[in-house]
Amino acid sequence: MLKVEINRTLPGFKLDIAFSVNGEVLGILGPSGSGKTMTLLCIAGLLHPDSGFIQLNDRVLFDSTKKLNLPPKDRNVGFVFQNYALFPIFLPVKILPTAYVTLAGRSEPPRACFN
């Protein structure tokens, strides 16, 4: 189970996202600059949200009200940085279902969160 409710404000941009998944694969899709990478960086602990809450299974990774922010090394979260050279002819919308079926061994399409 992953529960994310975070906010982060930068000059000219405000991230305000909330979602939860329980035993599902979640694909986060959206246009450039919509906050996809920022969301993943916050979950991994590489970026600090201004406020909110992040919980992974029974562990709270970040809670601004309790001033709790586990360092990345203590989160047990894997992160693969984006590399457009990996599949330059495909859009993420085409890559995610293929990766989902191949890696998860499932046939149904992944659930997507659009920014």
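Values quoted throughout were computed directly from the atomic coordinates according to the rules given, and no laboratory measurement underlies them. This structure is a prediction, so every number in the text was calculated from the model and none was measured. Ideal geometry is used to build each Cβ from the backbone, glycine not excepted, and the neighbour counts take in all protein chains shown.
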Using mean Cβ contacts within 10 Å as the protection proxy, how do 19-32, 49-62 order, highest first? 49-62, 19-32
Taking r as the C-beta separation of D63 and S32 and R0 as 41 Å, the FRET efficiency to the nearest 0.05 is 0.85
Can you return the lysines within cross-link range of K14? Criterion is Cα-Cα under 16 Å, with same-chain partners fewer than 8 residues away left out. K36
Taking H placed 1.01 Å from N in the peptide plane, check which residues at least 5 places from I17 or on another chain put their amide H under 5 Å from its amide H. I6
